[in-house]
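The values are calculated or read from the model by the stated rules, or taken from the named source; none is laboratory data. What you see is a predicted model, and the numbers here were worked out from it, not measured in a lab. Here Cβ is always computed from backbone atoms with ideal geometry, including for glycine, and neighbour counts include all displayed protein chains. To get the accessible areas, we keep the full protein, side chains included, count just its heavy atoms, and leave off ligands, DNA and RNA. Shrake-Rupley method; radii C 1.70, N 1.55, O 1.52, S 1.80 Å.
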Amino acid sequence: MDLRQFKFASGEEVICEVINWNDEEHETIVVRRAMKIVSVEDMDEGLRYYTFKPWASMNNDPDLMQVVNPYHIVADNHPAEQAKTTYYEVIEEMRKFGAEEEDALEFYTRDIKDSDASNVFDITKRLH
């Protein structure tokens, strides 16, 4: 696994696992677990805090593969150790939250699965 920090021309910074780099055959970079680095400043304290959010809005699946256009990357480096530690903690929290969400979804839809109503669809299946 190749963990990288990309800075894009838009100013966004992302930490992700690179699955496949671009080459002569493929122009794009395939990544997963892409997390946007968010900076929050506390002007009163004179401090800056960093956190991570899923790079793609409304995407809470940390294992989703994404494709990156390498022509938008202006900087590429290996993240600092503290960033790596925090990144993996956030990924683990997302997994726990996802499992809890699946359990809740199963609880609330168990009666619907046994129903013969023709206008009910199974929302537990993921659409891609």
Contour minus Cα-Cα span, Val30 to Leu47, at 0.36 nm per residue, comes to 2.7 nm
Net charge near Ala34 (other residues with Cβ under 12 Å of its Cβ; Lys, Arg +1; Asp, Glu -1) is 0
With a Förster distance of 25 angstrom and the Cβ-Cβ distance between Asp63 and Phe8, calculated FRET efficiency to the nearest 0.05 equals 0.70
Of the accessible area of region 1-103, computed with a 1.4 Å probe and all protein chains kept, carbon and sulfur make up a percent value of 50 percent
Quick calc: nm separation of the 7 Å Cα→Cβ label points for Val74 and Asp23 -> 3.0 nm
